[in-house]
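Taken together, the values in this text are just the output of simple stated rules run on the coordinates, not laboratory data. Bear in mind that the values here come from a model prediction, so they are computed numbers and not experimental data. When we count neighbours, we look across all protein chains shown, and the Cβ atoms used for this are built from the backbone with ideal geometry, even at glycine.
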Amino acid sequence: MTTKDATYNYTIRLGDNALILGHRLSELCSRGPILEEDLALTNVALDMIGRAQALLKYAAELEGKGHTEDDIAYRRAEINYHNHLLIEQPNGDFAHTIARQLYLSVFEYLFYTELEKSKDATLAAIASKTIKEVKYHMQHAIDWTLRLGDGTIESHNRMQKGVNDLWMYTGELFEMDILDTYLLHQHIAVETIALKAKWQSEVEKVLTEATLSLPQDTYMQTGSKKGVHTENLGHILSEMQYLQRAYPDAKW
Amino acid sequence: MIMATDTQLDLWEVFIQSKSGLPYIHSGSVHASDVKMAMQNARDIYTRRGEGTSIWVVPAKHISASNPDDNDMLFDPSNDKIYRHPTFYVMPEGAKNI
């Protein structure tokens with residue numbers, strides 16, 4: 001494994017997280033609870049798609065086979081996607097969507113703050129831009145968690161169910177495999193395992209203020225680093241890749 | 001007095017400043033349950049394409065509007081008094097946005 005190959009794979013993982021979440025959130029377009037919230041979530045989706053574009057473009061460069069970011073985004077098989085399992089989980093009700101956003105954006109804020117120090121200049125530059133966006137995503141998710149958790153009995157129960165249901169997908173965020181370790185030694189990757197305590201205390205602080213409880217530790221789902229996904233990713237890809245599959249090289 | 005109730009939360013008016021030093025201009029309104037949400041919604045709806053550098057949000061119920069029936073009294077008297085316009089001054093060179 002060369003540094004370049006490793007960085008390619010690492011960048012694909014980051015890019016897939018942004019790409020798949022961008023798609024998931026775009027499913028909510030025109031379905032927000034109110035018009036303002038509809039725009040807020042699609043705004044987050046657009047940030048994600050912008051980030052995916054930057055990362056997958058860099059991955060294509062590293063790969064050096066003349067592919068574009070679109071080839072990488074739309075023409076891979078499911079097993080070659082490496083987004084976190086948390087990200088491909090369905091939007092569910094609004095509280096579910098917010099719980100997913102909360103877990104993820106607190107993680108991403110910590111993650112990209114570290115990635116900004118990466119020795120890989122492109123990843124560091126993408127990280128600096130991403131932090132500004134993620135800060136806003138995190139604020140949005142925290143505010144809604146507080147409103148729903150500390151709102152009515154109905155909203156409280158739904159928010160608690162959201163954080164409970166998704167808890168088993170959070171362990172994976174901090175996993176490190178051989179690729180992470182290899183790039184960590186070269187000061188390119190982030191030591192995610194070191195972010196866990198901070199993440200948990202941040203999430204717990206928000207949940208407590210929202211009168212919610214931190215879910216009990218349970219069996220944690222895993223697999224995305226090996227390309228093993230929940231059933232949800234296949235459904236996402238069949239919709240997302242439909243146009244490219246049905247009309248290869250279609251142009252506007 | 002509450003004019004109408006709906007399920008869309010309270011109404012807030014949004015004012016955007018496009019550049020430091022320029023006046024805040026009314027851009028439209030948003031629905032929100034508190035000032036934080038109003039600010040975020042205003043940001044998401046009215047500054048997505050670089051329109052502004054600063055936002056004011058004001059609860060719509062706190063804005064007093066002039067009564068259209070008073071338009072004759074309020075605005076007509078200024079129509080025919082050209083000397084009220086400061087058009088007799090020379091603009092200082094380099095001064096923008098006066």
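Key figures for this structure:
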item	result
Peptide A:142-154 - average C-beta neighbours from other chains (10 Å radius)	1
Residues of type lysines that residue B:19 reaches as a straight line, Cα spacing below 16 Å, ignoring anything fewer than 8 places off in the same chain	B:96
Mean separation of Cα contacts under 8 Å (6+ apart) over length of chain A, as relative contact order %	23
Using alpha-carbon coordinates, inclination of helix B:35-46 to the longest axis of chain B, degrees	60
Extension reserve of the residue A:185-residue A:205 stretch, reckoned as 0.36 nm per residue once the Cα distance is removed	4.0 nm
D_trans [Stokes-Einstein, Kirkwood Rh over alpha-carbon pairs] for the range B:10-88, 4 °C, 1.567 mPa s, µm² s⁻¹	87
Cross-link partners of residue A:65 among lysines (Cα-Cα below 16 Å; sequence separation of 8 or more within a chain)	A:4, A:57
Inter-chain Cβ neighbour average for residues A:35-43, partner chain, 10 Å	5
Reachable aspartates and glutamates from residue A:198, criterion Cα separation under 19 angstrom, eight or more residues apart if same chain	A:108, A:114, A:116, A:172, A:175, A:209, A:217
Sites matching trypsin sites (Lys or Arg not before Pro) across the range A:1-46 that sit in DSSP coil, with at most 12 neighbouring C-beta atoms within 10 Å	A:31
Rounded Å value of the spacing that divides the Cα centres of the range A:121-186 and the range A:202-227	10
Rg over Rh, two decimals, chain A (C-alpha only, Kirkwood Rh)	0.96
Cβ neighbours within 10 Å from other chains - mean over B:37-44	5
Alpha carbon convex hull of the range A:84-132, volume per residue in cubic angstrom	76
Value at 222 nm in deg cm²/dmol, rounded to 500, when DSSP H runs of n ≥ 4 in chain A each add -39,500 (n - 2.57)	-21500 deg cm²/dmol
222 nm mean residue ellipticity, helices alone, for chain B (DSSP H n ≥ 4; -39,500 (n - 2.57); rounded to 500)	-5000 deg cm²/dmol
Most to least packed among A:216-226, A:42-52, B:51-61 [average Cβ atoms within 10 Å]	A:42-52, B:51-61, A:216-226
Dimensionless Rg/Rh of the range A:169-252 - Kirkwood Rh, Rg from C-alpha atoms	1.13
